[in-house]
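Read-outs throughout are calculated quantities, based only on the coordinates presented, and are distinct from any laboratory measurement. Computed from a prediction, not measured in an experiment: that's the story for all the values here. Glycine gets a Cβ as well: all are built from the backbone with ideal geometry, and neighbour counts include every protein chain shown.
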Amino acid sequence: MSFSRRDFLKAGAAGIVIGAFPGLAFASSELIKKKGQRVVVVGGGFGGATAAKYIRKWSNNKIEVVLIERNPMFISCPMSNTVLGGGRTIDDLTMSYTELKKKYGIKLIKGEVTAIDPEKQTVMLADGHLKYDRLIVSPGVDFMYDKVEGLNESVANTSITHAWKAGAQTVLLRKQLEAMPDGGVFAISIPKGPYRCPPGPYERACQVAHYFKNNKPKSKVLILDANPDIVSKKGLFTAAWNDLYPGMVEYRPNALVTKVDVASKTAKTEFDDVKADVLNVLPPMKAGAVADMAGLANVDGRWCGVDFLTYESKVHKGIHVIGDAVSAALPKSGHMATSQAKVCAAAVIELMQDKQPDQNPTIANTCYSMVSGNEAVHVANVYRFNVEKQAMVAAEGGGVSAKRSELEGAFAGYWLKNILNDVLL
Amino acid sequence: MIMHRTLLVVSGILFCTVVHAEVDNHARNLAASCYACHGTDGNSEGGMPVLAGLDKALFVTQMKDFKSGARPATVMHQHAKGYTDEEFELLAGYFSAQKRH
């Protein structure tokens, strides 16, 4: 007997009625009845989608995987700055989740988790609950709007964007740049680290400058960096600004933005007020809200401490955290999220089969930044588990590009194609 | 000498059921971090070389040449320096056994 979606919804409704009687464990329906071993993955970004796929692939489909994601489509944050530069559209970065269901038998639930019960091994959603043997949380980042007076989610969605999750805000920011008169100022505010994608803000400055150079050559790009210096690929970015966009890009270190005025698009730092035509403020970041639901963010109240052999939370057994939300000396990048997801997937399978996980996880990161329409630079490192430190530590030999090049620009495009296929197809 | 070899064979049989799977998984896990550029199981969709089905000796030679600088590269010289020669062997073994699409 097979359940159609309609039957499934009816069963759900019946569950709510039954749940209304006192004495039953849950006042909501079990969305998908748990039979065998099950992993629930919360968050279908680079980390979560990869973990879901690789648990199915490496367990020979023996472990049931339910992936919960609130967005209908996957939109890649890596390379989304090129939407601002004009090299890509948001559609070029948008992919469907359906192959994960069709090829790997992952059960997809579009929805938001409202609570996690680590004791009962249950996650709650608005319309029911799911039981799990192990939970993988891949919540990405959330924004600490309260650290910037005048800023909130609604302002970010309509006026002073962050566009630090690819999607509607990316498109809005591009439109704001298009509407800006020649001779205007685009200002970007960078929070203190750690934040998602360390080189991303400097790449964005390049992409906006690239757009200005070709369309609004009298305009300026102003970088207000809360950090004392350029966080990533410093020499390569400054060379790009000087060579490709001379006189257009201004960099200000130690410029912590604490307040914005929405009406006048003014950013206030300790030292002065900066008025921009297009203002782009990246608020300080922390682990995505789902992490808070189970008190997983135990490092500075912002990031999640994990065991690097399994990515199991230091707070709760049976709950694993991967990706940007993890507290680690690893860059918060898409490639790192997929690499962590695979270590976690392998370990979860082994733990569920009462085997010892890999004791020597070794992972790589390659991160490309587009500094013009067709040239890129990279930073690359191998990271390996250090037993004494119980941490992932950079191996010998990592580094950045010798110089920007069109060859690396092409590689950046192929990187995107290959990693998206690896995550979703 | 013969006894020594016999011992090795016997111990190999004794441990292979337990150890073998874990060794394979370690190689598989190592390889998996390469897929972002080289495609799932080394089946790159373009740009970066396909590693699936690549001759084992050729793989190891290329990695050693990246590591020494004998073969110039944009990024692979940096990655190669992060891995040991033993890991080159494990990676070569894993990728050579993958089906090329």
Sorted largest first, extent of chain A alpha carbons per principal axis (Å) = 68, 48, 38
Hey, rough spin-label estimate for B:E89 and A:T98, points 7 angstrom out along Cα→Cβ, what's it come to in nanometres?
-> 4.8 nm
The range A:70-208, dipole about Cα centre (Lys/Arg Cβ +1, Asp/Glu Cβ -1), debye to the nearest 20 = 480 debye
Return the ratio Rg/(2.2 N^0.38 Å) for the range A:83-198, where Rg is computed over Cα atoms only.
-> 1.41
In the P(r) worked out for the range B:25-96, what percent of Cα pairs fall beyond 19 Å?
-> 25 percent
Only Lys, Arg (+1) and Asp, Glu (-1) charged, at Cβ; the protein assembly as shown dipole about Cα centre in debye | 980 debye
The range A:259-323 - Kirkwood radius from inverse mean 1/r over Cα pairs (Å) | 14.4 Å
Cα-based helix-to-principal-axis angle, A:334-352 vs chain A, degrees rounded to 10 = 20 degrees
Express in % the proportion of alpha carbon pairs of the range A:175-315 at distances exceeding 18 Å.
-> 61 percent
Quick one: of the DSSP bridges fully inside the protein assembly as shown, what percent are antiparallel, nearest 5?
-> 55 percent
Could you give me the ³J(HN,Hα) list for the range A:313-322, computed from phi with Karplus coefficients 6.51, -1.76, 1.60 and θ = phi - 60°, whole Hz, x at Gly and Pro?
-> 4, 6, 8, 10, 5, x, 10, 10, 10, 9
Just how large is the dipole of the range A:145-283 about the Cα centre, in debye to the nearest 20, putting +1 at every Lys and Arg Cβ and -1 at every Asp and Glu Cβ?
-> 300 debye
Go through B:T74, B:S44, B:L54 and say which Cα lies farthest out towards the positive end of the charge dipole of the range B:25-96; charges sit on Cβ, +1 for Lys and Arg, -1 for Asp and Glu.
-> B:T74
Between A:D117 and A:K275, the FRET efficiency computed from the C-beta separation at R0 = 30 Å comes out, to the nearest 0.05, as 0.05
Can you tell which of A:T338, A:H378, A:N61 lies farthest toward the positive end of the dipole of the protein assembly as shown, using +1 and -1 charges on the Cβ of basic and acidic side chains (Lys, Arg; Asp, Glu)?
-> A:N61
